[in-house]
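Presented below is the structure to which this report refers.
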Amino acid sequence: MTRAAPLQGIKVLEAATLFAGPLAGTFLGDFGADVTKIEHPRKPDAARGHGASKDGIGLWFKTLGRNKRLATLDLSRGREVFLDLVRANDVLIENFRPGTLERWGLGPDVLLEANPRLVIARVTAFGQVGPWSSRPGFGSLAEAMSGFAAVTGEPDGPPTLPPFGLADGITALATAYAVMVALRERDVSGAGQVVDLAIIEPILMMLGGGITAFQQLGYVQPRLGNRSSNNAPRNVYRTVDGEWVAVSTSSQSIAERVLRLVGRDDLVEQPWFGSGRERAEHADELDEAVGSWIAARPLDEVLSAFEKAEAAVGPVYDVRGIATDPQYAALGTIATVDDEDFGPLQMQNVLFRMSESPGAIKWTGRAHGADTAEVLAEVGVSPERLAELRAEGVC
């Protein structure tokens, strides 16, 4: 690192659970923001129990809680202490159901009165307004309502949800981006503001121009399995040694290279081959040509031949392939961090590389309330008062 961390000096208060809000906090903390995660003293973030665990300790939280100070506070009973924390921070990320903070006397009007420069990111399933705003919801509902599930799966199969928090992850990226936009605006105006993020929205943006195509043409995208309505061949194909590869031909030149590689120059010469949309209408024929060629060869030979032909191919990995892949190794995608529970611990590194001020993983997710005394001391809570608050169940 040749310069200070990009977000050094930005203080973030994370009063959010599970994935979208907390992962946004992780992204900010990775690049130097001082992130303090607030959990209920008797109800830790449920994310601590999601996924695999070892010795009763959730492993996903090791990543989700990295680079964060962890404090406990019951916001409904510790209102004044929370307001002191708000005064000391630049950003609040919260994901309570709309109306909850207001019911506790901690609505945006109160928070901005306490700290007029505060950026408040409110992350909920359905947003702060509308007929569904007060309903409970999670990323799976966003994956359903956004149209993602409707276009995912085999043509004769049911709509398919992803087996991981896709909508939450996309929303987390959007939240981190929104926070940075609001902070930049604050640099100009000097004032904070409220950011309203509904998990049902960012994933919809990722699905392409479906809204416009429907409005203009009445077009509704069908389920196509691993195929695409925009180009072909585009699928996964099995090699003779039982491995799988993905082939994509989003550009015309790549499509031509793939078909010439598999010995089907005759298909390249067809009048329909010059259009990705028309190639998609001949997907059966193209899949047979590419799939039969790949099925007769082992994985290493397929990858080598595609590389020489400058055609786009990638192996279908599970985590074992990711852990041993030379490209991921060259990028440093997997970081090894010292963890207080497990020693050397591997996890995904920060999302991107910056030449002069890169992000870093300083520590992993730790125990519930590990930093409560330190965090509250910074806003004037003495050891004696801390003991009283703990006896009262406030923190």
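Data table
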item: Residue count for the range 327-344, restricted to those that are outside any strand (DSSP E or B), without any contact (Cβ under 8 Å) to a residue 24 or more places away in the chain and out of contact with any strand residue (DSSP E or B) (no Cβ under 7 Å at 6 or more places or on another chain); result: 5
item: Residue in the range 356-389 that is farthest from the chain's Cα centre (by Cα), counting only those that are without any contact (Cβ under 8 Å) to a residue 40 or more places away in the chain and open to solvent by 30 Å² or more (accessible area, probe 1.4 Å); result: Glu384
item: Residue in the range 308-326 that is more than 30 Å from Pro358 (Cα to Cα) and part of a helix (DSSP H, G or I) present; result: yes
item: Selection within the range 216-226 - free of Cβ contacts under 8 Å to residues at least 60 places away in the same chain, touching a helix residue (DSSP H, G or I) at 6+ places or on another chain (Cβ under 8 Å) and either aliphatic (A, V, I, L, M) or surrounded by 14 or more Cβ atoms within 10 Å (Cβ to Cβ) (or both); result: Val220
item: Residue match in the range 24-37 (condition: within 19 Å of Ala370 (Cα to Cα), in a helix (DSSP H, G or I), modelled with pLDDT of 95 or more and in contact with an Asp or Glu (Cβ under 6 Å, 6 or more places away or on another chain)); result: yes
item: The range 227-247, residues that are surrounded by fewer than 18 Cβ atoms within 10 Å (Cβ to Cβ) and in contact with a strand residue (DSSP E or B) (Cβ under 9 Å, 6 or more places away or on another chain); result: Val236, Arg238, Trp244, Ala246
item: Residue, farthest from Ile211 (Cα to Cα), within the range 129-148, restricted to residues that are touching a residue at least 40 places away in the same chain (Cβ under 8 Å) and open to solvent by less than 80 Å² (accessible area, probe 1.4 Å); result: Gly137
item: Qualifying position, being β-branched (Val, Ile, Thr), in a loop (DSSP other than H, G, I, E, B) and modelled with pLDDT of 95 or more, among Ile170, Ile200; result: Ile200
item: Residues satisfying the stated conditions in the range 72-87, i.e. open to solvent by 40 Å² or more (accessible area, probe 1.4 Å) and either assigned to a loop (DSSP other than H, G, I, E, B) or without any contact (Cβ under 8 Å) to a residue 60 or more places away in the chain (or both); result: Ser76, Arg77, Arg79, Glu80
item: Residue match in the range 67-78 (condition: closer than 23 Å to Ala167 by Cα and of a type in the set (Gly, Ala, Ser)); result: no
item: From Ala24, Ala20, Ala5, residue being out of contact with any helix residue (DSSP H, G or I) (no Cβ under 8 Å at 6 or more places or on another chain) and of a type in the set (A, V, I, L, M); result: Ala5
item: Residue within the range 181-191 that is modelled with pLDDT of 95 or more, touching a helix residue (DSSP H, G or I) at 6+ places or on another chain (Cβ under 6 Å) and not polar (S, T, N, Q) present; result: no
item: Criterion violated by Gly208 - all others in (1) at negative phi; (2) modelled with pLDDT under 95 satisfied; result: (1)
item: Cβ pairs under 9 Å, 6+ apart, first in the range 179-195 and within 13 Å of Pro116 (Cα to Cα) and touching a residue at least 60 places away in the same chain (Cβ under 8 Å), second in a loop (DSSP other than H, G, I, E, B) and open to solvent by 70 Å² or more (accessible area, probe 1.4 Å); result: Arg186/Arg117; Gly190/Pro116; Gly190/Arg117; Ala191/Pro116; Ala191/Arg117; Gly192/Pro116; Gly192/Arg117
item: Considering residues of the range 293-313 that are over 13 Å from Val258 (Cβ atoms) and surrounded by fewer than 15 Cβ atoms within 10 Å (Cβ to Cβ) only, the residue farthest from the chain's Cα centre (by Cα); result: Ala296
item: Flag if Phe164 is among the aromatic types (Phe, Trp, Tyr), outside any helix (DSSP H, G or I) and farther than 23 Å from Leu224 by Cα; result: no
item: Residue match in the range 165-178 (condition: within 30 Å of Thr124 (Cα to Cα) and open to solvent by 60 Å² or more (accessible area, probe 1.4 Å)); result: yes
item: Residue match in the range 47-62 (condition: under 21 Å from Pro116 (Cα atoms), open to solvent by 10 Å² or more (accessible area, probe 1.4 Å) and in a helix (DSSP H, G or I)); result: no
item: Residues located in the range 88-99, provided they are open to solvent by 20 Å² or more (accessible area, probe 1.4 Å) and within 27 Å of the chain's Cα centre (by Cα); result: Asp90, Asn95, Phe96, Arg97, Pro98, Gly99
item: Spans of helices (runs of 4 or more DSSP H) in the range 214-303 with at least 1 residues over 21 Å from Gly314 (Cα atoms); result: 265-268, 276-280, 283-295
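The values are calculated or read from the model by the stated rules, or taken from the named source; none is laboratory data. Every value quoted in this text rests on a predicted model; they were computed, and no experiment measured them. When we count neighbours, we look across all protein chains shown, and the Cβ atoms used for this are built from the backbone with ideal geometry, even at glycine. Note: areas computed on protein heavy atoms with side chains; ligands, DNA, RNA excluded. Shrake-Rupley method; radii C 1.70, N 1.55, O 1.52, S 1.80 Å.
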